Amino acid sequence: MSLLSLSDIRFRWPNATHDALQIDSLDVQANERVFLYGPSGCGKSTLLSLIVGVVAPQSGKLEMLGQSLAELSSAKRDQFRADHIGYVFQQFNLLPYLSVLQNVTLACQFSKTRTAKAIKRSGTVAQEARRLLNQLQLPGELIDSPVNELSIGQQQRVAAARALIGSPELIIADEPTSALDKVNRQRFMELLLTEIEHAGSSLIMVSHDEQLLEHFQKDIHLPSLNKAVQHGLD
Ligand code: ADP
Ligand code: ADP
């Protein structure tokens, strides 16, 4: 079974005069790593919002783990997202006054399944958070610091650990290496992928960094997939 499947999707933002997305078909398998790229405005953020169920398509079918997110109540959709998707936001969306550890463990507080998986892996949720942060090379002495005292590169590592904890089936990462220099970028990517592979998660990553492409099984040039963009060009 596909982890994620989209067919005949059409999506337009409220009050917009053109569709932002028209996609005939897109499938992501379990354990698959997908590199999503294309110029600004081609619909990358919109597609991610659609996949996580923040917005619903006007027509077409979108299923994750066999479940149509649009058919769930908003509370059930929130729960589904908390259980099955880890999201690394471009702007991190960390809670600035909470500690590193609190930010990472928070992802489990809303999800019994992720809590159970974290405990299975490391004994406690906090231990699993420490393991991930250590794995992603965040200096251990920072673990109780408020995240707003960390450098941007360090915050990026915290955001990744928060997405990974409890091994959600799908990790979505929007430019997750943007705050890192070239050398750290490759290293961080390798560490991230080791964890993702171990967890058995799929990854959809938006990036402009084509050097990272080698780590992916599938690359999607969104303007080629998205007919709305092609129509906009002619
Ligand atoms: P990115 O580089 O990630 O594509 P953008 O600058 O395009 O960033 O968008 C940043 C945020 O603003 C995204 O969450 C996107 O959904 C939102 N956004 C983009 N265009 C519009 C718009 N025309 N109206 C409202 N929100 C928008
Ligand atoms: P990308 O992430 O590839 O830069 P976006 O998904 O942000 O592209 O944008 C695709 C189109 O949708 C653009 O025309 C953008 O202005 C529009 N858009 C994006 N987010 C919003 C939003 N929240 N509200 C209205 N329009 C949006």
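What follows draws every value from the coordinates through simple rules; no lab data is involved. Note that the structure is predicted; figures quoted are calculated from it, not measured. Cβ sites come from the backbone with ideal geometry, for glycine too, and all protein chains shown count toward neighbours.
Of all residues being within 16 Å of ligand 2 (Cβ to nearest atom) and out of contact with any helix residue (DSSP H, G or I) (no Cβ under 6 Å at 6 or more places or on another chain) in region 177-209, which is nearest to Asp24 (Cα to Cα)? Just the residue, please.
By that ranking, first place goes to Ile204.
Taking the residues in region 6-37 that are crowded, with 19+ Cβ neighbours inside 10 Å and part of a loop (DSSP other than H, G, I, E, B) as candidates, determine which candidate is farthest from ligand 2 (Cβ to nearest atom).
Asp19
Just give me the residues in region 167-182 being outside any loop (DSSP other than H, G, I, E, B) and either within 17 Å of Leu138 (Cβ to Cβ) or of a type in the set (Gly, Ala, Ser) (or both), in sequence order.
Residue satisfying the conditions is Ala173 alone.
Kindly provide the set of residues from region 183-222 that are assigned to a helix (DSSP H, G or I) and within 16 Å of ligand 1 (Cβ to nearest atom), ordered by number.
Across region 183-222, the qualifying residue is only Leu222.
Rundown of residues vs (1) in contact (Cβ under 8 Å) with a residue 24 or more places away in the chain; (2) acidic (Asp, Glu); (3) out of contact with any Pro (no Cβ under 7 Å at 6 or more places or on another chain), yes/no style:
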{"position": "Arg131", "(1), (2), (3)": "no, no, yes"}
{"position": "Leu136", "(1), (2), (3)": "yes, no, yes"}
{"position": "Pro146", "(1), (2), (3)": "yes, no, no"}
{"position": "Gly166", "(1), (2), (3)": "yes, no, yes"}
{"position": "Asp174", "(1), (2), (3)": "yes, yes, yes"}
{"position": "Thr194", "(1), (2), (3)": "yes, no, yes"}
{"position": "Glu197", "(1), (2), (3)": "yes, yes, yes"}
{"position": "Met205", "(1), (2), (3)": "yes, no, no"}
{"position": "His231", "(1), (2), (3)": "yes, no, yes"}
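May I ask you to list the residues in region 120-158 that are surrounded by 16 or more Cβ atoms within 10 Å (Cβ to Cβ) and β-branched (Val, Ile, Thr)?
If the condition is that a residue be surrounded by 16 or more Cβ atoms within 10 Å (Cβ to Cβ) and β-branched (Val, Ile, Thr), then Val125, Ile143, Val147, Val158 are the ones that fit.
Just checking, how many residues over region 5-19 are more than 12 Å from Ala228 (Cα to Cα) and within 13 Å of ligand 1 (Cβ to nearest atom)?
Looking only at that region, the number is 4.
Which condition number in (1) surrounded by fewer than 23 Cβ atoms within 10 Å (Cβ to Cβ); (2) among the basic types (Lys, Arg); (3) more than 16 Å from ligand 2 (Cβ to nearest atom) is the one that Lys227 fails?
(3)
Kindly indicate whether any position in region 45-54 is within 15 Å of ligand 2 (Cβ to nearest atom) and over 19 Å from the mean Cα position of the chain (by Cα).
Within region 45-54, none of the residues are within 15 Å of ligand 2 (Cβ to nearest atom) and over 19 Å from the mean Cα position of the chain (by Cα).
Scanning region 71-97 for residues that are basic (Lys, Arg) and crowded, with 18+ Cβ neighbours inside 10 Å, which turns out nearest to ligand 1 (Cβ to nearest atom)?
Residue satisfying both the conditions and the ranking: Arg81.
If the Cβ limit is 8 Å and pairs must be 6+ apart or interchain, which residue in region 4-21 that is free of Cβ contacts under 8 Å to residues at least 60 places away in the same chain pairs with which residue that is of a type in the set (Lys, Arg)?
Note: pairs meeting the criteria are Ser5/Lys61; Leu6/Lys61; Ser7/Lys61; Asp8/Lys61; Ile9/Lys61.
Working carefully through the options Gly60, Gly53, Gly43, find the one that is more than 12 Å from ligand 1 (Cβ to nearest atom), under 18 Å from Phe89 (Cβ atoms), crowded, with 16+ Cβ neighbours inside 10 Å and small (Gly, Ala, Ser).
None of the others qualify; the one that does is Gly53.
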